[in-house]
Structure formats: C-alpha cells, structure tokens
Amino acid sequence: MLDAALLERARDVVSRHLPPTPLIPYPRAGLDVPVYLKYEGAQPIGAFKVRGALAALTAYAGERVVTASAGNHALGIAHGARLLSATATVVVPKTAAAVKVEALRRYPVELVQAGDDFDGAERHALALDGRYVSAYSDPHVIAGQSTVVTEVAQALDEPFTIVVPAGAGGLLSGVALGARHADIRVVGVEALACRALSTAVAAGRVVPVAMGETIADGLAGNLAADALTPGIVRECGVRLVAVAEAAIRRSVREFVTSAGLVAEGASATSLAALREGLVPLDRPVVLVVSGRNIDLGLLTTILGER
C-alpha cells in the first residue's frame, strides 16, 4: 500500500498545477438516485492521466523519464514535461489513435512509435535508458490519480459510489486508496474484451490473458509481472465488473446526445456499467468520465449507429 504521505504530496502537486475538473449533475440518467459525471475530458490533455504524470515528474525531477502508453499517459507525461521543463521519451504503439499521436507531436518530447499494441510499446520503452514511469504501476502515478476522488469528496458531503474505468488499474487503484478511509464505494469497470486486472486479482498474481478488440483502447494491455495494482484493488475490496462492446458504444453515443460530452471508449465504460445494471443504486453515483480523446472517424461512426 502507498502511505498517506505519498498521497498527500501528490494532492499538493496536482492542486498547484490543475484546477478541479467539473462534477456535472446528470438528471437524464433517469434514476431514483442522483448521478454525477466527473469529467476528466476537461483536463488540458483531455484525460485524467496528467494527474499521475505531474506527481511522478515532480518526484523524479532532474531525471530523464521514459514511458509507454496507448496515448493518454504519454500526453500526460508530455504536458507535465513541458510544464516542469523535464526531459522525456514517450513510446506509443503503432496502432495508437491518430488524435493522440498528433497531439503528442505538439510537445517537446521524444516520440517513438513501436509495437503493434501496448505490450509491444512497453517492451520497447523498458529497453531504453532513463527512469521508466509506468502508466499504471508507478507509486507516484497511482498517488496522482487518487486526486480524482479527493475532488469528488470535497464537492459531495455525503456517501457515494464512484464508478471507475479499469484497464491495468492505475486510476482505479488511486481512487480506491483515496477512498479507503471514507464512506465511498468503488466499482471498477473493465471492457469484457480486456480482463487482465480482474484475472490477476482473482488469481492472486499476474496472469497473461488474450486481448480482444475494443474501442476502449485505454483499457487494453496485459500487466507487468510486478504490477502493484492487483494487490491494491484486492486489499481495498473493490468490486470489478465488465461491459461488452455494444454497451460501450451506446454509452459513447449517450454521452454526446444526452450529456453533451465527448467521451472516448474507456470513459464510456462507467456509464455502460450503470446502464447494464452493474452499479448499486442505494446512494448517489459518480461516473468517472476519464477522457475525451476519441478518434473523430470512430465517433462519427458510433453516432450514426442505432
């Protein structure tokens, strides 16, 4: 477990550099309990990952940082590197979303495209010189992500359930740690096609699993053998659920048409879990909308579906 001092340092870093993101009431959810959307698409990179990136870059000040990412963590490191005048190399898969790659090109970092998926990009990054900062398992990154639930708790003076997209578990672990000593229930949502985290939690160790196709690209990829996240998720008693592609696509569409928000596939898993009846409704519900960086062509296609 990460100690309270590490979480507090991360909160200090994030609060100095980033204003709280909006917590938006969503009455069109049509439920008997209030539903809120924690919209991380309002971050300067369009995703929550900047929180953990700033915490890590501050902790590793003066070192060359290397990372691998499907896109959003790379953007977080790139933004933080520019803000803090740090030196960074970011590796993304050759299949990374074009919108994320184009955004990365605007930052003063070394951008490398390697591997056909996140696993391949991570293998390449681990072979490079520098301090490797995992997108999900670095303790400072996890601590930075905990600030999502801290902001929610400051805005809602009552118990609530927070629903969090879950890939390798960096955001989920941070939220679980941030909520651990409060009356906050945490539900993690995987894409049904990518269940590496729940498999590791159930097995008590990291087990490689096959990755299916998903529009929730931010949730795809296996875990490193020494990943911290399964242990944190297990120890914090987080409930894990999974949603299918059709539900994710419907939720991307609902975010646009009913909430007026752009949400990438990973973000939409929180709403998908709610709509699929996987979230308890005995208290207010907060859906973490983790990012907006969806390919425009994919979004157009989804909006045309019925």
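The values are calculated or read from the model by the stated rules, or taken from the named source; none is laboratory data. All of these numbers come straight from a predicted model, not from anything done at the bench. Backbone-built Cβ (ideal geometry, glycine too); neighbour counts: all protein chains shown.
A few notes on this one:
- Residue, farthest from LEU83 (Cα to Cα), within the range 22-61, restricted to residues that are β-branched (Val, Ile, Thr) and outside any strand (DSSP E or B): VAL33
- In this structure, THR150 does not qualify as assigned to a strand (DSSP E or B), crowded, with 19+ Cβ neighbours inside 10 Å and either in the same structural domain as ARG185 (by TED's automatic domain parsing) or more than 21 Å from the chain's Cα centre (by Cα) (or both).
- Of all residue pairs spaced 6 or more apart or on separate chains, those with beta-carbon atoms under 6 Å, a first member in the range 184-212 that is under 16 Å from VAL163 (Cα atoms) and a second member that is surrounded by fewer than 18 Cβ atoms within 10 Å (Cβ to Cβ) and charged (D, E, K, R) are VAL187/ARG239.
- Residue count for the range 266-306, restricted to those that are within 20 Å of the chain's Cα centre (by Cα) and not in a helix (DSSP H, G or I): 13
- First in the range 31-44 and in contact (Cβ under 8 Å) with a residue 24 or more places away in the chain, second anywhere and of a type in the set (Phe, Trp, Tyr) and in a loop (DSSP other than H, G, I, E, B), Cβ under 6 Å, 6 or more apart: VAL35/TYR26; LEU37/TYR26; GLU40/PHE48
- Neighbours by Cβ (under 8 Å, 6+ apart or cross-chain): first from the range 127-151, in contact (Cβ under 8 Å) with a residue 12 or more places away in the chain; second of a type in the set (Phe, Trp, Tyr) and not in a strand (DSSP E or B): ARG131/TYR60; VAL133/TYR60; HIS140/TYR60; ILE142/TYR136; GLN145/PHE48; VAL148/PHE48
- Unique match (being surrounded by 21 or more Cβ atoms within 10 Å (Cβ to Cβ) and at negative phi) among VAL256, VAL243, VAL262: VAL243
- The residue of the range 199-219 that is surrounded by the fewest Cβ atoms within 10 Å (Cβ to Cβ), among those that are among the small types (Gly, Ala, Ser) and within 16 Å of the chain's Cα centre (by Cα), is ALA216.
- The lone criterion from (1) outside any helix (DSSP H, G or I); (2) surrounded by 15 or more Cβ atoms within 10 Å (Cβ to Cβ) left unmet by PRO19 is number (2).
- The single condition among (1) surrounded by 14 or more Cβ atoms within 10 Å (Cβ to Cβ); (2) touching a strand residue (DSSP E or B) at 6+ places or on another chain (Cβ under 8 Å); (3) in the same structural domain as GLY218 (by TED's automatic domain parsing) that ALA10 does not meet is (2).
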